[in-house]
1. Please verify whether Leu191 is of a type in the set (A, V, I, L, M, F, W, C), more than 26 Å from Ala62 (Cβ to Cβ) and surrounded by 14 or more Cβ atoms within 10 Å (Cβ to Cβ), treating the condition exactly as stated.
2. Which helices (runs of 4 or more DSSP H) sit wholly inside segment 49-140 and have at least 3 residues that are over 18 Å from Asp198 (Cα atoms) and free of Cβ contacts under 8 Å to residues at least 40 places away in the same chain?
3. Is it fair to say Gly180 is farther than 23 Å from Leu92 by Cα, free of Cβ contacts under 8 Å to residues at least 40 places away in the same chain and either surrounded by 15 or more Cβ atoms within 10 Å (Cβ to Cβ) or not charged (D, E, K, R) (or both)?
4. Has segment 106-125 got at least one residue that is in the same structural domain as Glu155 (by TED's automatic domain parsing), among the aromatic types (Phe, Trp, Tyr), under 25 Å from Gly30 (Cα atoms) and surrounded by 13 or more Cβ atoms within 10 Å (Cβ to Cβ)?
5. If you check Val151 against the conditions, is it buried (at least 19 other Cβ atoms within 10 Å of the Cβ) and touching a Pro at 6+ places or on another chain (Cβ under 9 Å)?
6. Taking segment 154-176 as the search range and keeping residues that are of a type in the set (Val, Ile, Thr) and in a loop (DSSP other than H, G, I, E, B), which one is surrounded by the fewest Cβ atoms within 10 Å (Cβ to Cβ)?
Amino acid sequence: MRHRRRPAGMQNNGTAHIAAVAARLMAEDGLDDVELAKRKAAHQLNLPEWTGLPSSQAVYDALRTHQAIFQDSEQRERIVIMRTEALYWMELLAEFHPYLTGSVLDGTASSYSMIDILLYPDSDKDVEIFLLNQGIEYEFTKPRNDRASAVLQIEQDDLITNLVIYPSHDERVVFRKHDGTVRERAHAENLRARMTIDAAF
């Protein structure tokens with residue numbers, strides 16, 4: 001028995017609704033995994049498993065809309081604070097080729113988000129020795145992917161920063177998200193320029 005295909009307009013409205021609910025889960029409940037947010041949104045809406053899910057970009061667009069409507073001034077302040085913290089660590093760890101990535105960079109970070117900084121040292125131990133010499137406490141956490149060799153987590157001023165360590169030869173590797181789009185990253189100079197532009201508006 002063949003299933004009747006729903007009109008395109010209904011499909012677009014359905015995925016837009018899922019994207020909106022997924023965005024709310026990320027903004028208000030602290031979910032930082034967009035794929036998980038999409039599945040939870042579909043479940044909350046009591047949709048069947050075969051329902052088509054929106055693209056990750058659609059969810060991020062919905063997240064920005066949600067934050068602009070419900071958290072505008074709060075969101076702007078949060079991003080400034082988190083980017084300033086990220087810049088502090090990037091300048092301190094400059095010798096390890098740091099890059100900011102994730103929600104703090106793209107401006108969608110929630111109050112539950114962490115700062116993700118990628119490092120490319122010659123050796124993992126170099127970063128650990130540096131932190132120990134600076135008297136900086138850290139904890140090991142499990143890497144989210146197989147390419148990262150370690151994650152050192154630092155908590156300061158109620159902000160959590162993940163130092164995600166990759167082999168030095170991976171600095172030229174382009175990482176992609178689940179939907180195939182390039183995972184953006186920025187070094188300190190790019191971040192400063194972005195903060196300057198944002199401050200002008």
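1. When the stated conditions are applied, Leu191 does not pass them.
2. 124-133
3. Yes, satisfied.
4. Looking through segment 106-125, at least one residue is in the same structural domain as Glu155 (by TED's automatic domain parsing), among the aromatic types (Phe, Trp, Tyr), under 25 Å from Gly30 (Cα atoms) and surrounded by 13 or more Cβ atoms within 10 Å (Cβ to Cβ).
5. Considered against the rule, which asks whether it is buried (at least 19 other Cβ atoms within 10 Å of the Cβ) and touching a Pro at 6+ places or on another chain (Cβ under 9 Å), Val151 comes out as no.
6. Val174
The rows are residues; the columns are (1) farther than 23 Å from Val182 by Cβ; (2) modelled with pLDDT under 90; (3) among the charged types (D, E, K, R); (4) under 20 Å from the mean Cα position of the chain (by Cα).
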position	(1), (2), (3), (4)
Arg5	yes, yes, yes, no
Arg24	yes, yes, yes, yes
Asp61	no, yes, yes, yes
Met82	no, no, no, yes
Glu95	yes, no, yes, no
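The values are calculated or read from the model by the stated rules, or taken from the named source; none is laboratory data. The shown structure was predicted, so the numbers you read here are calculated from the model rather than taken from an experiment. Cβ: placed from backbone, ideal geometry, glycine included. Neighbour counts: every protein chain shown.
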